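Here is the structure we will look at.
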Amino acid sequence: MLHGILTLLLFQFIGECISKFFELKIPGAIIGMVLLLLFLVIKKGSFHALDSSVFWLLRYLPLFIIPAAAGIITQVETISNELFAILASLIFGTFLALAFSAKLMDSLISRKEKR
């Protein structure tokens with residue numbers, strides 16, 4: 001399990017370094033997560049230590065949401081000023097995600113039926 005946590009922290013550290021070095025507005029944790037995804041795709045699978053670490057962290061996922069909720073509470077004025085843009089992007093993003101998911105499921109089902 002320690003090996004898995006160290007792997008997660010390593011990818012987060014690399015993402016933070018890339019974010020700071022190139023002065024990106026994307027958080028380093030997101031860059032690290034994308035790098036981890038690419039690593040797992042190239043490796044074509046995961047390993048037991050990473051699986052057990054992720055399973056352990058997922059049990060405490062609701063605790064990771066508390067800081068984001070507190071941040072939203074402190075930004076009520078900004079949210080009320082940009083409410084239309086926020087609602088428009090949420091609605092557009094939801095429909096875009098639904099359309100993409102439907103197309104992906106359709107292509108996966110047709111690929112499975114061909115086999």
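Among all residue pairs at least 6 apart or on different chains, which show Cβ distances below 7 Å where the first residue, located in region 12-31, is touching a residue at least 12 places away in the same chain (Cβ under 8 Å) and the second is outside any helix (DSSP H, G or I) and open to solvent by 80 Å² or more (accessible area, probe 1.4 Å)? Correct list of pairs: SER19/ILE26. For residues that are assigned to a helix (DSSP H, G or I) and either within 30 Å of ILE5 (Cα to Cα) or open to solvent by 100 Å² or more (accessible area, probe 1.4 Å) (or both), tally how many sit in region 57-82. Looking only at that region, the number is 18.
For region 32-50, the tally of residues that are part of a helix (DSSP H, G or I) and either open to solvent by 80 Å² or more (accessible area, probe 1.4 Å) or without any contact (Cβ under 8 Å) to a residue 40 or more places away in the chain (or both) stands at 13. Does region 84-99 include one or more residues that are touching a Ser or Thr at 6+ places or on another chain (Cβ under 9 Å), assigned to a helix (DSSP H, G or I) and either surrounded by 10 or more Cβ atoms within 10 Å (Cβ to Cβ) or at pLDDT 95 or above (or both)? Scanning region 84-99, I find no residue that is touching a Ser or Thr at 6+ places or on another chain (Cβ under 9 Å), assigned to a helix (DSSP H, G or I) and either surrounded by 10 or more Cβ atoms within 10 Å (Cβ to Cβ) or at pLDDT 95 or above (or both), so the answer is no.
The values are calculated or read from the model by the stated rules, or taken from the named source; none is laboratory data. This is a predicted model, so every value here is computed, not measured. Cβ atoms come from the backbone with ideal geometry, glycine included; neighbour counts cover every protein chain shown. To get the accessible areas, we keep the full protein, side chains included, count just its heavy atoms, and leave off ligands, DNA and RNA. Shrake-Rupley method; radii C 1.70, N 1.55, O 1.52, S 1.80 Å.
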